[in-house]
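Below you'll find the structure, written out as structure tokens, and then a few comments.
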Amino acid sequence: MINNWILIGLLSVSTYLSRVIGVEFMSGREMNPTLRMYFNYVPIAIISALIVNQILTPADGEIVISFPILIGCLATAITIKIINMFLPSVVIGIAIGILTRYFL
């Protein structure tokens with residue numbers, strides 16, 4: 001049990017140090033426009049990967065589509081397009097996903 005806490009502590013320290021070193025290294029430097037464009041797409045790529053990972057879930061050695069999560073994501077995307085507000089759209093998507101899971 002103590003080994004797990006040591007591992008968690010070491011991983012958190014190494015993560016913190018790598019972030020601080022990266023920020024200190026990049027502060028005050030002019031960034032290439034191509035590199036800046038690349039970094040603008042990183043959050044979108046991470047969110048997309050997390051969403052696809054939730055929609056396509058492994059079950060019994062096969063990949064299965066989770067329809068409640070898929071319907072909730074679609075509802076969120078449609079709501080964002082309609083009302084242009086992020087937080088209410090996410091709440092609506094979560095509610096529709098929960099209702100879909102309950103009734104499907």
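The set of residues from segment 26-56 being surrounded by 10 or more Cβ atoms within 10 Å (Cβ to Cβ) and not in a helix (DSSP H, G or I) comprises Met31, Leu56. Kindly provide the set of residues from segment 79-102 that are more than 18 Å from Pro68 (Cα to Cα) and charged (D, E, K, R), ordered by number. Matches in segment 79-102: Lys81 only.
Every number here is computed from the coordinates shown, using simple stated rules; none is lab data. None of the values given here were measured: they were computed from a predicted structure. For neighbour counting, all protein chains shown are included, and Cβ atoms are generated from backbone atoms with ideal geometry for every residue, glycine included.
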